[in-house]
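Following: one structure in structure tokens, then a few remarks.
Throughout, read-outs are computed from the coordinates displayed, never taken from laboratory work. As the structure is a computational prediction, the values presented were derived from the model and not from experiment. Cβ: placed from backbone, ideal geometry, glycine included. Neighbour counts: every protein chain shown.
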Amino acid sequence: MSKMKIEDIQKIVKKYSESDEYYFIYELSEDFNIRFSNNRVISNGINNSSYIVFSAIVDKKVGVSSTTDLSEKSLENCIKNAYNIARESSESEDYFPLPEKEIYYDKDKYDFNITHIFNDIESKILKLTKEQKESRLFGYINGGINTIIVSNSNGLFKENLIPRIDYSINIKDKDVKRSVWQGKLTSEYNEEDIDNLYRKLLLDFEKTKIRKDLKEGRYKVILSPSALSDMLIYMMIFMSAKSADEGRSPFTNMVGKKAFPEFINLYTDPLDKRIKILNFLLFSLTEINDTFDIGIALEKKDFIKDGVLKGLISSREYDKKMGYKNNSFSPSNLILKGSEDDFDSFIKDVDEAIYINNLWYIREVDPQTGLLTGLTRDGVYKIENGKFVHSLNNFRFNQSPIKILENTIKMSKSYVASPREFGENIASNIICPYVLVEDFNLSSVSKAI
Amino acid sequence: MTDFDKEKYKKYSRKIFSSKKASLVDLIEIRFQEDLNEYIYFKNLNLEHVSNNISKGFSVRVLYKGNWGFASDSMIDEENISKVFEKAFSMTQNIPEGLVKLTKEDIFEDEYIQPYLINPFDISPKEKIEYIKFLQNKIINSKNIDFSDFILRQSYEKKLFLNSSGASIYQERTRIFPEFSVYKVKPELTILKSRTRPVGEGYEYFKEYPFEEEIKEYNDLILEKSCAKSVNPGKYNLVIDPSNLWLTIHESIGHSTEMDRVLLYEANYAGSSFATLEGRGDLVYGSSKVNIVGDRVQEKGLSTIKYDDEGVKTGSFDIIKNGVLQNLQMNREMAAYSGEEHSNACSFADSFSAFPIQRMPNVSLLPNNVEDLKTQDLINMAGDGIYIIGDGSWSIDMQRYNFQFTGNIFYEIKNGKVTNMLKDVAYQSNTQDFWKSCKEVGGKSTYVLEGAFNCGKGQPSQVAPVSHGSPSALFENINVLNVKNEN
Ligand SMILES: [Zn+2]
């Protein structure tokens with residue numbers, strides 16, 4: 001499928017680069033998507049795209065230019081443009097020599113026939129939507145394979161192949177009074193996944209047959225991995241070491257302190273095989289300038305170890321300036337270590353709690369405390385004596401992710417999460433457990449279904 | 001700037017339209033699109049990022065027996081266009097007949113270039129960088145400011161739309177959004193955002209903006225905010241400035257009156273709406289003071305354009321009249337489905353590879369047409385309450401009932417007068433309750449066109465720029481939270 005060989009691109013880059021320091025990112029993707037709503041397919045797509053981002057560095061000044069047009073003429077323009085910007089730019093205080101030569105070819109092989117997968121999924125979806133009598137089926141399935149390459153003037157060359165299928169399905173009753181959701185994020189296409197997910201969806205749907213109302217308040221809640229993952233991604237956005245030092249973060253003055261229960265262990269591990277992720281730094285969700293670190297190998301790092309905040313997210317330049325040793329580059333996964341318990345044994349001795357399947361429309365309210373607001377969505381249930389007893393109305397919450405970890409009293413084992421809000425983001429790979437959390441602020445009732 | 005060879009693209013497309021396969025299908029749309037984006041980001045005096053990005057390619061959308069097929073590619077050449085057409089065509093084959101029908105619309109051959117004085121991409125990065133650095137210098141040398149960031153976003157969009165019915169429309173638009181935030185770290189973190197707005201204008205907006213005066217003023221304002229009284233939670237009368245109210249309009253009215261949400265297209269993702277098709281002409285959204293218009297023709301509006309991405313000519317229409325829902329936002333498919341004769345031109349695709357979906361026109365609250373009430377008049381009427389300026393945090397539920405907003409600056413109103421500053425304010429309400437409590441709207445002289453660059457919706461997700469005009473307005477008895485208490 002490759003339209004332009006990487007060797008050709010490298011040749012062009014060598015021909016037009018005008019300085020000792022530069023790097024580029026080349027991404028090639030082939031993907032499909034299918035969206036269905038109310039028992040019919042409403043949109044679809046098979047898209048090929050590729051782009052180059054070229055970063056020119058001249059006397060510690062950086063200019064970046066990107067293009068989706070990979071003809072030689074356009075690449076020449078892109079590179080020249082980056083140099084023009086760099087020369088007109090001002091010297092970066094964050095300058096650091098680019099990562100040294102290191103070569104990595106991704107040896108994993110993927111047999112992804114996009115058109116074939118699309119047709120297969122489409123026929124499954126058409127079958128399921130046709131089956132619906134008293135209910136309405138919704139969803140979105142997208143997937144594909146991304147080839148991502150970083151190469152720099154020191155001879156660094158890194159290639160990662162990221163295959164991804166992301167399932168999101170939702171069922172509602174005829175009157176749109178009940179609604180549940182299931183998602184799955186995986187690196188492999190498995191023909192059974194849709195049907196399995198659909199079966200899980202129907203089991204959840206059964207649980208919504210009895211619906212009772214509950215008032216706002218502070219409650220003991222269970223967050224599903226999906227619900228927790230969206231909060232953890234937000235927390236990652238707050239985790240800049242520099243912002244913490246500047247007093248502009250909820251993590252200000254927290255490094256080195258035991259701020260969480262002993263059993264809280266949060267780390268990143270690019271070698272974790274549960275879902276394939278990038279093993280080099282590509283971009284950051286966190287407010288940290290890592291322009292000069294792009295392409296560097298990611299490593300296993302602890303953020304919270306036995307309840308102690310060990311480090312935050314940083315760059316080589318900032319760590320050197322401050323003498324920091326425990327920070328991580330912006331990670332491409334975040335893993336909250338769980339217990340040994342599967343979901344059934346985890347929930348078995350929960351006497352009373354509110355189970356929350358998804359969180360939605362999450363936004364920062366107070367950057368000092370990390371307070372976020374948002375809604376519960378598609379699956380809120382009352383748990384009594386380890387059992388789902390009935391479903392509940394939705395709520396608006398006001399809650400900080402840091403408080404969630406502080407107030408966690410019990411965990412299941414960890415699962416690859418499907419974040420509902422951040423679903424499509426390549427940097428959002430979260431592996432986390434179901435958690436039982438005390439004092440969760442469900443601030444007001446939402447009538448939304 | 002790249003080549004955007006309209007004549008060549010038209011020639012390629014016409015070849016597709018006259019092919020044998022084309023005669024089998026109901027409609028083919030081909031859209032060539034180029035988006036230029038430039039982004040400059042300073043933290044204090046450090047230039048963190050400057051980039052210039054080009055996204056260019058084309059897509060083909062085919063309608064056959066009530067089903068869409070859509071494919072795109074970033075490489076524009078004759079051979080590829082027919083390949084992509086084949087792909088889109090094949091997606092409509094071997095599946096049961098679908099339900100998509102379209103309204104019949106006039107066919108246009110036209111060109112439109114949005115009026116602006118200076119193309120932001122004609123100005124060198126150097127000039128922009130030096131000017132921002134100059135401003136940042138002023139900001140961080142202000143006694144009460146510890147930290148500042150500055151972002152300048154600029155876009156230029158070119159679209160060539162052709163369809164097999166004979167439409168051929170070329171359009172260009174530009175927009176710009178400079179924005180800075182200042183921080184005071186002690187005694188506790190205090191942030192103020194600039195009063196700048198995203199606008200459908202050229203570089204002139206950035207050049208003419210009174211940054212230096214605002215910076216001077218912000219030195220005192222941030223000190224005042226950092227010492228402000230933390231609000232007591234409770235019910236308050238709120239006088240809301242257009243710089244805050246635009247976002248509440250966007251979330252609670254703009255999104256809830258999108259027909260694709262009403263028809264549950266977005267129900268798995270962005271959400272649906274409490275509004276219904278039957279509610280048109282009937283559903284009470286707010287008090288009789290609430291008059292909302294959707295338009296894609298307002299000068300400098302971010303959604304303003306002459307034709308939408310289905311080639312339908314844009315205009316303006318009532319969404320809410322005297323508090324009652326009138327019309328929803330539609331594209332051709334939804335208009336046909338809901339029994340309307342014509343679309344109201346709300347189709348938009350954010351890039352060459354995006355499937356066009358129903359997106360928001362500029363959605364604006366009309367000012368008082370009886371009396372040109374000033375904001376101070378509304379403050380007098382409020383008696384006691386809070387005056388809210390500038391946007392902050394926002395969040396609303398899946399059906400657009402329950403929302404919570406913060407702001408940039410809050411003042412306590414006592415006996416009809418603005419007194420001391422307040423902080424930690426969030427207002428929480430439900431869309432209909434909130435708009436029903438709208439007791440008065442300000443006159444023309446308080447009207448401002450605000451907006452957003454990045455309204456998100458759709459799967460795959462797309463962003464769209466949109467403006468919202470609003471006067472100041474008075475709302476009675478709204479629930480206010482203290483965000484520090486909420487933690
Ligand atoms: Zn929006």
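Of note:
- The dipole here belongs to the protein assembly as shown: it is taken about the Cα centre, uses +1 on the Cβ of Lys and Arg and -1 on the Cβ of Asp and Glu, and is about 1240 debye.
- Exercise: per-residue mean of other protein chain Cβ atoms within 10 Å, A:165-175: 1
- Prolate/oblate/rounded label for segment A:210-449 (Cα gyration tensor, a/c 1.5): prolate
- Reducing segment B:244-273 and segment A:27-58 to their Cα centroids gives an inter-centroid distance of 24 Å.
- Based on every Cα atom in segment B:86-211, Rg and the maximum pairwise Cα distance Dmax equal 23.1, 70 Å.
- Residue by residue along B:389-401, Cβ atoms of other protein chains within 10 Å of the local Cβ number 6 on average.
- Calculated from backbone phi, Karplus (6.51, -1.76, 1.60) coupling profile of segment B:349-358 in Hz, x at Gly/Pro: 10, 7, 7, 4, 8, 9, 5, x, 10, 6
- Under 5 Å, built H, 5+ apart or other chain: amide partners of A:Ser446: A:Asn394, A:Phe395, A:Arg396
- Percent of Cα pairs exceeding the 27 Å cut-off, where the set is segment B:232-354: 21 percent
- Out-of-range pairs (alpha-carbon distance over 25 Å; input A:Lys107/A:Lys305; A:Lys310/B:Lys193; B:Lys143/B:Lys374; B:Lys128/B:Lys193; A:Lys257/B:Lys186): A:Lys107/A:Lys305; A:Lys310/B:Lys193; B:Lys143/B:Lys374
- Residues whose amide H lies under 5 Å from that of B:Asn368, counting only those 5 or more places away or on a different chain, are B:Gly442, B:Gly443, B:Lys444; hydrogens are built 1.01 Å from N in the peptide plane.
- Within chain B, longest stretch clear of exposed trypsin sites (Lys or Arg not before Pro) (DSSP loop, no more than 15 other Cβ within 10 Å): B:144-373
- Rounded, prolate or oblate (a/c below 1.5 giving rounded, otherwise prolate when a/b exceeds b/c) for chain A by Cα gyration tensor: oblate
- Only Lys, Arg (+1) and Asp, Glu (-1) charged, at Cβ; segment B:231-482 dipole about Cα centre in debye: 360 debye
- Shielding by other protein chains, A:126-138, mean Cβ within 10 Å: 1
- Counting only DSSP H runs of at least 4 residues, each contributing -39500 (n - 2.57), and dividing by the residue count of chain B, the helix-based mean residue ellipticity at 222 nm comes to -5500 deg cm²/dmol.
- Shape call, the protein assembly as shown: gyration tensor on alpha carbons, a/c limit 1.5: rounded
- Stretch gain in nm, segment B:Ile140-B:Leu24, where the contour uses 0.36 nm per residue and the Cα spacing is subtracted: 35.3 nm
- Out-of-range pairs (alpha-carbon distance over 29 Å; input A:Lys127/A:Lys220; A:Lys177/A:Lys276; A:Lys130/A:Lys207): A:Lys127/A:Lys220; A:Lys177/A:Lys276
- Subset of B:Lys43/B:Lys158; A:Lys184/B:Lys457; A:Lys242/B:Lys457; A:Lys124/A:Lys172; B:Lys235/B:Lys289; A:Lys184/A:Lys413 violating a 25 Å alpha-carbon distance limit: B:Lys43/B:Lys158; A:Lys242/B:Lys457
- Per-residue ³J(HN,Hα) for segment A:185-201, Karplus 6.51 cos²θ - 1.76 cosθ + 1.60, θ = phi - 60°, Hz, x for Gly and Pro: 10, 8, 8, 10, 8, 10, 4, 8, 4, 5, 5, 4, 5, 5, 4, 4, 4
- With helices as the sole contributors, chain A gives -6500 deg cm²/dmol at 222 nm; each DSSP H run of n ≥ 4 counts as -39500 (n - 2.57), and the sum is divided by every residue.
- Reachable aspartates and glutamates from B:Lys83, criterion Cα separation under 18 angstrom, eight or more residues apart if same chain: A:Glu30, A:Asp31, A:Asp69, B:Glu29, B:Asp73
- The protection proxy used here, the mean number of other Cβ atoms lying within 10 Å of each residue, ranks peptides A:113-119, B:47-53 as follows, highest first: B:47-53, A:113-119.
- Ranked from largest, the principal axis spans of the Cα set of segment B:6-226 equal 72, 35, 30 Å.
- Under the Karplus curve 6.51 cos²θ - 1.76 cosθ + 1.60, θ = phi - 60°, whole-Hz ³J(HN,Hα) for segment A:211-220, x wherever Gly or Pro sits: 10, 10, 9, 9, 7, 4, x, 9, 10, 7
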